[in-house]
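Heads up: the structure comes next, in structure tokens.
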Amino acid sequence: MELKKIKEGVYWAGAEDWDRRLFDSLIPLPDGTSYNAYIVKGRDKTALIDTVDPTKAKTLLTFLDSLDKLDYIIAQHAEQDHSGTIPSVLRKFPAAKVVSTPKGKEFLIDLLEISPDAITIVADNDTLDLGGKTLEFLHTPWVHWPETMSTYLREDAVLFTCDLFGSHLASSNIYVEDFAKVREAAKRYYAEVMMPFRATIKKHMERFEKYKVDMIAPSHGPVHREPMCILDSHREWVSDKLSNTVVIPYATMHGSTEALVERLTDSLVEKGVFVERFNTAVTDAGKLAMSLVDAPTVVFGTPTILIGAHPFVMQAAFMVNALRPKVKHTSVIGSFGWGGKAVDQIVTAMAGTKAELIDPVMVKGRPKAGDFENIERLAGEIVKRHKVLGLL
Ligand code: FEO
């Protein structure tokens, strides 16, 4: 296989994973993904930036067959989809030095049992001269692990960002062709992986503004030759901007909760509020995560199983809590027969968001006229709050 040149002396050497449908046994990948590795050849030294998931090791090693030598393996992130093939690369090029942040070194030893002697640590802003190609290492902790860094190739103004600005998208074109499609995949990636680190990413992006960047080369998804597009998208996602939207993750067993969700949806829409509804029994968790990027209000709809919330709704509450979105208000609607712990369970699961709880509407048995009036009241309370936020 021939290396794919992206700049003079700079090559894409990654692997497309067309068939992967799940990441971390959790995150749906409707469009597969790619693991991008890059080779930078200077006059004197050659560096590999990131490797690939071990399931695709053969692809990377075949690319590396074309090299006479490899001096450095830049490990921007120790998660195994980027670092997992480092041991194989070291077996092929035993003299190569692995370059990482100090924290990255710890992880590479713990996760991959790489010899400490093989790892060179770099400080923030340290540089590595390959001979006419200078790599500057920019520590970017918490995107999304504590050890992450980006690498700036000065002479070509390429910013290698590993997971940051990435997208789970397998493509036969290593470059962004249809930005709308890539933006959708990048938003999904941001929502699922990066959203909890919104404030940190904002700071890192402010720092990047001091650098002239002609190309952003992430380690998932296509390479950006027009970096402003992906930078502007991320600026919007990490900003405090909210949309006039209520997200409703729900489950229903015999139709009572669904009837409440229907009424709430209709009432909100009539009042000019957008609604994104997700039946948790069938929904794609990534879509739910994307809806949370700028929604100020989340209302959970749950029937009661035994004495508590439906497990799928609890899973959604757990996810909202973990992803730390911008949500300001929450509520719970649903039904019960004899047990009444559903609201407490959901509120406890959501505690980390510090969202204001608007009075829940829990109904015994099938919803009656008075229950629907309470749903109307809830819609009115949500509208009031959206007006305060200037969304209506
Ligand atoms: Fe793509 Fe955090 O690994």
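The values are calculated or read from the model by the stated rules, or taken from the named source; none is laboratory data. This is a predicted model, so every value here is computed, not measured. For neighbour counting, all protein chains shown are included, and Cβ atoms are generated from backbone atoms with ideal geometry for every residue, glycine included. Ligands, DNA and RNA are stripped out before the accessible areas are found, and what is left, the full protein with its side chains, is counted by its heavy atoms. Shrake-Rupley method; radii C 1.70, N 1.55, O 1.52, S 1.80 Å.
Condition first: within 8 Å of VAL247 (Cβ to Cβ) and either surrounded by 23 or more Cβ atoms within 10 Å (Cβ to Cβ) or not aromatic (Phe, Trp, Tyr) (or both). Now tell me which residues in segment 278-301 satisfy that.
If the condition is that a residue be within 8 Å of VAL247 (Cβ to Cβ) and either surrounded by 23 or more Cβ atoms within 10 Å (Cβ to Cβ) or not aromatic (Phe, Trp, Tyr) (or both), then LEU288, SER291, LEU292, ALA295, THR297, VAL298, VAL299 are the ones that fit.
Regarding PRO146, is this residue farther than 28 Å from GLY42 by Cα and assigned to a loop (DSSP other than H, G, I, E, B)?
Spelling it out, PRO146 is indeed farther than 28 Å from GLY42 by Cα and assigned to a loop (DSSP other than H, G, I, E, B).
Take the conditions touching a residue at least 60 places away in the same chain (Cβ under 8 Å), surrounded by 16 or more Cβ atoms within 10 Å (Cβ to Cβ) and within 23 Å of LEU22 (Cα to Cα) and apply them to LYS133. Does it pass?
No.
I'd like to verify a number: residues in segment 168-182 that are within 18 Å of HIS234 (Cβ to Cβ) and either aliphatic (A, V, I, L, M) or open to solvent by less than 70 Å² (accessible area, probe 1.4 Å) (or both), how many?
6
Go through segment 107-130 and report how many residues are of a type in the set (A, V, I, L, M), surrounded by fewer than 18 Cβ atoms within 10 Å (Cβ to Cβ) and assigned to a strand (DSSP E or B).
Looking only at that region, the number is 1.
Quick one: SER83 ticks every box in (1) of a type in the set (S, T, N, Q); (2) over 30 Å from LEU288 (Cα atoms); (3) open to solvent by less than 40 Å² (accessible area, probe 1.4 Å) except a single one, so which number is it?
So SER83 meets the others, but not (2).
Looking for something assigned to a helix (DSSP H, G or I), open to solvent by 10 Å² or more (accessible area, probe 1.4 Å), farther than 30 Å from ASN374 by Cβ and not charged (D, E, K, R) - is there at least one such residue anywhere in segment 250-267?
Scanning segment 250-267 turns up no residue that is assigned to a helix (DSSP H, G or I), open to solvent by 10 Å² or more (accessible area, probe 1.4 Å), farther than 30 Å from ASN374 by Cβ and not charged (D, E, K, R).
Kindly check whether there is at least one residue in segment 86-106 that is closer than 29 Å to LYS187 by Cα, touching a residue at least 40 places away in the same chain (Cβ under 8 Å), part of a helix (DSSP H, G or I) and of a type in the set (Gly, Ala, Ser).
Yes; the residues of segment 86-106 include at least one that is closer than 29 Å to LYS187 by Cα, touching a residue at least 40 places away in the same chain (Cβ under 8 Å), part of a helix (DSSP H, G or I) and of a type in the set (Gly, Ala, Ser).
In the list THR283, THR297, which residue meets the criterion of being modelled with pLDDT under 95 and of a type in the set (S, T, N, Q)?
So the residue among THR283, THR297 that is modelled with pLDDT under 95 and of a type in the set (S, T, N, Q) is THR283.
Looking at (1) out of contact with any His (no Cβ under 8 Å at 6 or more places or on another chain); (2) more than 19 Å from ASN36 (Cβ to Cβ); (3) in contact (Cβ under 8 Å) with a residue 60 or more places away in the chain, can you tell me which one ALA199 breaks?
(3)
Exactly one condition in (1) closer than 17 Å to LEU264 by Cα; (2) free of Cβ contacts under 8 Å to residues at least 40 places away in the same chain is false for THR353; which is it?
Of the numbered conditions (1) closer than 17 Å to LEU264 by Cα; (2) free of Cβ contacts under 8 Å to residues at least 40 places away in the same chain, the odd one out for THR353 is (1).
Which residues, counting only those in segment 49-72, are within 16 Å of the ligand (Cβ to nearest atom), free of Cβ contacts under 8 Å to residues at least 60 places away in the same chain and open to solvent by less than 10 Å² (accessible area, probe 1.4 Å)?
THR51, VAL52, LEU60
Report yes if some residue within segment 32-40 is open to solvent by 10 Å² or more (accessible area, probe 1.4 Å) and either in the same structural domain as VAL213 (by TED's automatic domain parsing) or within 16 Å of the ligand (Cβ to nearest atom) (or both); otherwise report no.
Taking every residue of segment 32-40 in turn, none turns out to be open to solvent by 10 Å² or more (accessible area, probe 1.4 Å) and either in the same structural domain as VAL213 (by TED's automatic domain parsing) or within 16 Å of the ligand (Cβ to nearest atom) (or both).
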